[in-house]
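Encoded as structure tokens, the structure appears first; notes follow it.
Just so you know, all these numbers are worked out from the coordinates, no wet-lab data involved. In this text the structure is predicted, and so the values were computed from the model without any measurement. FYI the Cβ positions are ideal-geometry reconstructions off the backbone, even for glycines, and counts take in every protein chain you see.
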Amino acid sequence: LIQYGTSFFYPPDTVGSHVSASPNHQTGRRTSLETRAAAAMPGTFGYELDPETLDDLEREEIRGMNQLYRDLQPLIFHGQYDRLTSPDQGMALWEISDDNRVLVQGLVYETEPNALRRRVRLRGLDPEAVYKDADGLRRTGQALMTGGLLLPVTSGTDAPVTVILEREKTQ
């Protein structure tokens, strides 16, 4: 993952990252639009493909991805970026967080059959704060940093992972 190496030297708001065409013009490799978007999200996020080659479903997916990026761009550009895993661990995951939200994103390179779901420890959260995911599951920052976040079920190769946690407001 080029972004993994680049992240050691450049913050996300300086990295030009694009969703390329599939199959890739250099490698011939085929990957889903969702996978390519997850890999390109921690950066300036653009497209490097001919939109005329896309079908209606792909155009709709792109609209959703663009909206997600617009919603997350302030977090991506100004949040705290942490690498959670390295590619040699079979997955490349990163975390970008601020006082209100946490984005955990990346790729699981190969899903193993009958394997337990993977868990990743988050970093730099407020241990006393409560964070809620899209399903309404609530966990403290301490639990997420100590016990970890249980990743969604993946399938296939280069499976994208995107988890957004919202910090609950204190009364």
Practice task
Can you list which of the GluC sites (Glu not before Pro) found in segment 96-171 are DSSP loop residues with at most 14 other C-beta atoms within 10 Å?
Solution key: Glu128, Glu168
Completion exercise
Largest first and rounded to whole Å, the semi-axes √(5λ) derived from the alpha carbon gyration tensor of the chain read 27, 18, 16
Fill in the blank from the handout: Amide H proximity to Leu49 below 5 Å, modelled H, separation 5+ or other chain, gives none
Exercise for the section: May I ask you to derive the relative contact order of the chain, considering only C-alpha pairs under 8 Å and at least 6 residues apart, and to give it as an integer percent? Expected result: 20 percent
Practice task
In whole Hz, with x marking every Gly and Pro, tabulate ³J(HN,Hα) for segment 47-64 from phi via Karplus 6.51 cos²θ - 1.76 cosθ + 1.60, θ = phi - 60°.
Solution key: 10, 10, 7, 8, x, 5, 8, 8, 8, 4, 5, 5, 5, 5, 4, 5, 4, x
Handout entry: Highest-fluctuation residue, Gly28, Gly124, Gly148 considered, GNM on the chain with Cα pairs under 10 Å
Key = Gly28
Fill in the blank from the handout: Taking a ≥ b ≥ c as the square roots of the eigenvalues of the Cα gyration tensor, with a/c under 1.5 meaning rounded and otherwise prolate when a/b exceeds b/c and oblate if not, segment 1-51 is prolate
Fill in the blank from the handout: Residues whose modelled amide H sits under 5 Å from the amide H of Leu122, counting only those 5 or more places away in sequence or on another chain, are Met145, Gly148, Leu149
Handout entry: Packing-based exposure ordering (other Cβ within 10 Å, fewest first) of Phe9, Phe45
Key = Phe9, Phe45
Fill in the blank from the handout: Applied in sequence order to segment 151-156, the curve 6.51 cos²θ - 1.76 cosθ + 1.60 (Karplus, θ = phi - 60°) yields integer Hz couplings, x standing for Gly and Pro, of 6, x, 5, 10, 8, x
